[in-house]
Amino acid sequence: MNGRPHVTLEDVAQMASVSLATASRVINGTTRVREDLRDRVLSAAAHLAYTPNAHAQALAGASHRTVGVVCHDVNDPYFAAVTHGVMRVADENRMLVMLASTFRDPEKEIAYVSMLRAERASAILLVGSAFEDRAWERAMAAEIEPYRRGGGKVAVVSRHRNLRVDTVLPDNRAGAQALAEALLRLGHRRFAVLAGPRSLTTVLDRIDGFRDGLATAGVELSERDIFEASSTRDGGYAAANDLLAARHRATCVFAVTDMMAIGALTALREAGRSVPDDVSLAGFDDLPVVRDLSPSLSTVALPLEQLGEQAMELALTGRAGPGARSRSRRLAAEVVLRGSTARRRRR
């Protein structure tokens, strides 16, 4: 440090050995900058805990009992359940929760984290899947690292590669593998997957786990067996219609979220396909509503509220500042077979 009362953009430029104009372009994102120069500026900014917002220079959480929760879509029952767990622990600790929905936009997620830093939230929780995007990882790390160095606490739900933060890990991959093995035991050998965007780590983990489970019986899951859409009810409806249009011969369909499975159930019924007589259908998450469907949905159950509770507990009990070590907790998934899956019928 050069003795100034707070870190300036010039300090960042000097440490990164770049011009002040280059540092400004990187920090403000106004124009494209060569990748190696961009990495040097972001690394220097993180090391110096630099932020362009003067209000965020104060110690994070010094005067606020606030936790910021950033999720993909608060209307999605998955995120509603996880957030309910967060809010229960926050209420017990007399903390105010600020909730933001990104609608699966990675740029919005980074912007919300930056705003929460400026508001000096004492903790920030990311309760949605990470993005399989190196640029997103670098930008998010550039926000989180100085925040943690300044005393802020961060916890995330699901796998976030290269972010040194406390993590609650739902067993997405192992749960999907166990589901595949259970469906194989029902005699199925032809499968299709209705997948959300594969830019999300959670989607990739569930597809990979399902593929691993099928491989135990020598069953291959090819690209032709995967139908990608949004991770929503409407996405599941669209993906199922794509499957039907392709005349796929699957006897069992796996939707990587329960919401996608709900949409798929409607699409299959509209096409005159009976579940499970003509085709079995399974989801993932075990949202409360899927037990009341007709037929009730086979799925992989996650302790959704516990994911939020444990993320909040990690944020409350974690150490802040330089040298703080990140921790992780893994929560198991459980296969639940219901009326939407049945033994494969020989024709």
Margin query: Only Cα pairs within less than 10 Å get springs; with that Gaussian network setup on the chain, which residue of Ser230, Ser199, Ser19 has the largest fluctuation?
Written below: Ser19
Item checked: Cut-off under 5 Å, modelled amide H: who pairs with Ile226 long-range -> Val193
Note to self: Compute the helix-to-body angle for 77-92: its Cα long axis versus the longest principal axis of the chain, expressed 0 to 90° and rounded to tens.
What the structure shows: 50
Check: What ³J(HN,Hα) values, in whole Hz, does the Karplus curve 6.51 cos²θ - 1.76 cosθ + 1.60 give for the stretch 215-229 when θ = phi - 60°, with x put for Gly and Pro?
Finding: 5, 5, 10, x, 9, 9, 10, 9, 4, 5, 8, 10, 10, 9, 7
Item checked: Principal-axis tilt of helix 258-270 within the chain, Cα atoms, nearest 10 degrees -> 40
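Among residues other than Leu179 whose Cβ falls under 14 Å from its Cβ, what is the net charge (Lys/Arg +1, Asp/Glu -1)?
Cβ neighbours under 14 Å give a net charge of -4.
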Next item on the list: State, as an integer percentage, the relative contact order of the chain based on alpha-carbon contacts under 8 Å between residues 6 or more apart.
Entry: 18
Checklist line | Gyration tensor (Cα) of the stretch 88-150, equivalent ellipsoid semi-axes in angstrom | finding: 22, 14, 10
Check: Helix 172-185 versus the longest principal axis of the chain: what angle, 0 to 90°, nearest 10, using Cα atoms?
Finding: 10
Checklist line | Local electrostatic count, Tyr147, Cβ distance below 10 Å [Lys/Arg +1, Asp/Glu -1] | finding: +3
Check: So which trypsin sites (Lys or Arg not before Pro) in the stretch 135-183 are both in a DSSP loop and have at most 15 other Cβ atoms within 10 Å of their Cβ?
Finding: Arg161, Arg164
Notebook entry, point to check: So, with +1 on the Cβ of K and R and -1 on the Cβ of D and E, and no other charges, what is the size of the charge dipole of the stretch 154-199 about its Cα centre, to the nearest 20 debye?
Noted result: 240
Check: Excluding Val289 itself, what net charge comes from residues whose Cβ is under 12 Å from its Cβ, given Lys and Arg +1 and Asp and Glu -1?
Finding: -3
Margin query: Taking the Cα centre as origin and putting +1 on Lys and Arg beta-carbons and -1 on Asp and Glu beta-carbons, what dipole magnitude results for the chain, to the nearest 20 debye?
Written below: 580
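Using a probe of 1.4 angstrom, how much of the accessible area of the stretch 188-263 is carbon and sulfur, in percent?
On the way: 1430 of 2940 Å².
Carbon-and-sulfur percentage of accessible area, whole number: 49.
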Notebook entry, point to check: Going out from 0 in 10 Å bins, what whole percent of all Cα-Cα distances in the stretch 129-207 drops into each bin?
Noted result: 16, 38, 25, 13, 6, 1
Check: Quick one: in the chain, what % of C-alpha pairs are over 34 Å apart?
Finding: 34
Notebook entry, point to check: Which GluC sites (Glu not before Pro) in the stretch 216-278 pass both tests, a DSSP loop state and at most 16 other beta-carbon atoms within 10 Å?
Noted result: Glu220
Check: Given a 1.4 Å probe, how much area per residue of the chain is accessible, in Å²?
Finding: 46
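The values are calculated or read from the model by the stated rules, or taken from the named source; none is laboratory data. None of these values were measured; they are calculated from a predicted model. Quick reminder, even Gly has a Cβ in these numbers, built from the backbone with ideal geometry, and neighbours come from all protein chains shown. Keep in mind that these areas ignore ligands, DNA and RNA; they rest on the heavy atoms of the full protein, side chains included. Shrake-Rupley method; radii C 1.70, N 1.55, O 1.52, S 1.80 Å.
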